Amino acid sequence: MQAVIFNQYGGPEVLELVDIPQPTMAANQVLVRVKAVGLNPKDAALRAGMLKFLTGKRFPQKTGFDFSGVIVAVGDQVKNHQIGEEVFGYIEDLVGGAAAEFVAVKQDWIATKPAAIAHVEAAAMPCTYLTALQALRQAKLQRGQKIFIYGASGGVGTAAIQIAKHLGAVVTAVSSGKNQAYCAALAADKTLAYDQSDVFGDTQEKYDVFFQVHVLSGNLYSQARKILKREGVFITIEPNPLLGAQGFIRKLLGQPRLESLLVKSNQQDLEAIARMAEQGVLQPQVLQKLALSDIAKAHKIIEEQHTRGKIVLEINSD
Ligand SMILES: NC(=O)c1ccc[n+]([C@@H]2O[C@H](COP(=O)([O-])OP(=O)(O)OC[C@H]3O[C@@H](n4cnc5c(N)ncnc54)[C@H](OP(=O)(O)O)[C@@H]3O)[C@@H](O)[C@H]2O)c1
């Protein structure tokens, strides 16, 4: 089968589209014929070797974590999925492999694809919608509450706007100025541009939840405190193991809660996302559709951290 691999860590140019044997399947896995693969910053980070202390020095390594496709074989322990079922999912581990014609995936990491949604759209949803759903749940966002989403125009941000609006929250979306109108079109109640104003100094409002999506600006808890209610919640998706201890100290000091989230793939949440997409509550934001052979170009765009919506690669479009 055709698959994307890399034989060393490095820039997008290390990605190679090659012929390799189809993956073998464990008893708790399904084999999926991939129709589309969605890209995330995680893909580029792993390829660049940013987590090489975890991913090691054995090559070739595979890539691709978000996908949509059709089940072509099921393992002996798989009870809830059948051959021919259209599924989408997020591979939670660091090994991936969805940027290929076939991928073997744990049964817990997939759900039935909504019939009304094309494979390309379904592949745009898993990681980012799971992240937004789990973050807003952890922050206990309630109807009528005000949420401030910092980094609102990319994958996780656009998911967060849509889910927060569905929950009945009042949304302020922060992006660059060029993406303000886009965030407004997604139904954000208010938009702010981090490159045109002091988004912390210029707002008089007090928020219930601050969701830090853009994590490369460093931890924004101190700035967020200025605009959070005392009983408010700051939640970040920065992968930083020290945040748990910091959150505990903030709590002891009676300051707004500091929460962090590492997304988990699970069938129940994927099913909830599928239902919301089926009802039209969530609209997958595929702003660029490319071919699998364009994967290096797609990685280059992703690692600039200014992707509007999502980039999806189509495979087996028949
Ligand atoms: N912990 C977890 O489980 C988890 C899960 C998913 C993602 N993540 C991480 O979360 C981050 C966001 O993921 P994503 O998929 O949403 O990425 P993305 O699609 O690349 O979006 C990045 C966003 O950041 C904004 N941005 C860029 N520079 C900024 C700046 N200087 N100040 C404020 N905002 C800025 C961009 O807006 P403009 O283009 O308008 O500037 C865009 O909205 C990534 O680092 C990713 O690795 C973590």
Theoretical ellipticity at 222 nm over the chain - DSSP helices of four or more residues, -39500 (n - 2.57) apiece, nearest 500: -7000 deg cm²/dmol
Exposure rank, largest accessible area first [M276, M25, M125; 1.4 Å]: M25, M276, M125
Residues with amide H under 5 Å from that of N80, placed H, sequence gap 5 or more: none
HN-Hα J in Hz across region 168-178 - Karplus 6.51, -1.76, 1.60, θ = phi - 60°, x for Gly and Pro: x, 7, 9, 10, 9, 10, 10, 8, 6, x, 5
Proximal lysines to K57, defined as alpha-carbon separation beneath 26 angstrom and excluding residues fewer than eight positions away on the same chain: K42, K106, K264, K297, K300
Solvent exposure of region 39-100 as accessible area per residue, Å², 1.4 Å probe: 46
Percent of beta bridges antiparallel (DSSP, the chain, rounded to nearest 5): 55
Mean separation of Cα contacts under 8 Å, 6 or more apart, over the residue count of region 187-318: relative contact order %: 16
For the chain, the fraction of alpha-carbon pairs in successive 20 Å shells from zero, as %: 33, 56, 10
Cα centre as origin, Lys/Arg/Asp/Glu Cβ charges: the chain dipole, Debye: 1040
Residue among A48, A111, A100 with the largest mean-square fluctuation in a Gaussian network model of the chain, springs linking Cα atoms under 10 Å: A48
Mean accessible surface per residue for region 128-260, computed with a 1.4 Å probe while every protein chain stays in place, in Å²: 43
Protein accessible area in region 127-179, 1.4 Å probe - carbon and sulfur %: 53
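Listed highest first by mean packing, meaning other Cβ atoms within 10 Å per residue, what order do 157-167, 285-295 come in?
Output ranking for 157-167, 285-295: 157-167, 285-295.
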In Hz, Karplus ³J(HN,Hα) per residue of region 281-293 (6.51, -1.76, 1.60; θ = phi - 60°; x = Gly, Pro): 5, 10, 10, x, 9, 7, 9, 9, 10, 10, 8, 4, 5
Largest-first principal axis extents of the Cα set of region 30-92 (Å): 37, 23, 17
Longest to shortest principal axis, alpha-carbon extents of region 128-260, angstrom: 40, 29, 27
Under-5 Å amide H pairs with V170, H placed in peptide plane, nonlocal only: G144, Q145, K146, I147
Sequence-distant residues sharing a close amide H with F102 (under 5 Å, placed H): V34
Mean separation of Cα contacts under 8 Å (6+ apart) over length of region 128-260, as relative contact order %: 21
Charge dipole (region 233-313, unit charges on Cβ, about Cα centre) - positive-most of T307, L292, Q279: T307
Region 248-318, dipole about Cα centre (Lys/Arg Cβ +1, Asp/Glu Cβ -1), debye to the nearest 20: 440
Burial ranking of peptide ranges 31-39, 76-84 (average Cβ count within 10 Å, highest at the top): 31-39, 76-84
Relative contact order of the chain, defined on C-alpha pairs under 8 angstrom at six or more residues apart (%): 20
Relative compactness, region 182-280, computed as alpha-carbon Rg over 2.2 N^0.38 Å: 1.26
Under the Karplus curve 6.51 cos²θ - 1.76 cosθ + 1.60, θ = phi - 60°, whole-Hz ³J(HN,Hα) for region 56-71, x wherever Gly or Pro sits: x, 10, 8, 10, x, 10, 9, 8, x, 10, 9, 8, 9, x, 10, 6
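The values are calculated or read from the model by the stated rules, or taken from the named source; none is laboratory data. As the structure is a prediction and not an experimental result, all values here were calculated from the model. A quick note on method: Cβ atoms are made from the backbone with ideal geometry, for glycine too, and the neighbour counts reach across all protein chains shown. Heavy atoms of the whole protein, side chains included, go into the accessibility calculation; ligands, DNA and RNA do not. Shrake-Rupley method; radii C 1.70, N 1.55, O 1.52, S 1.80 Å.
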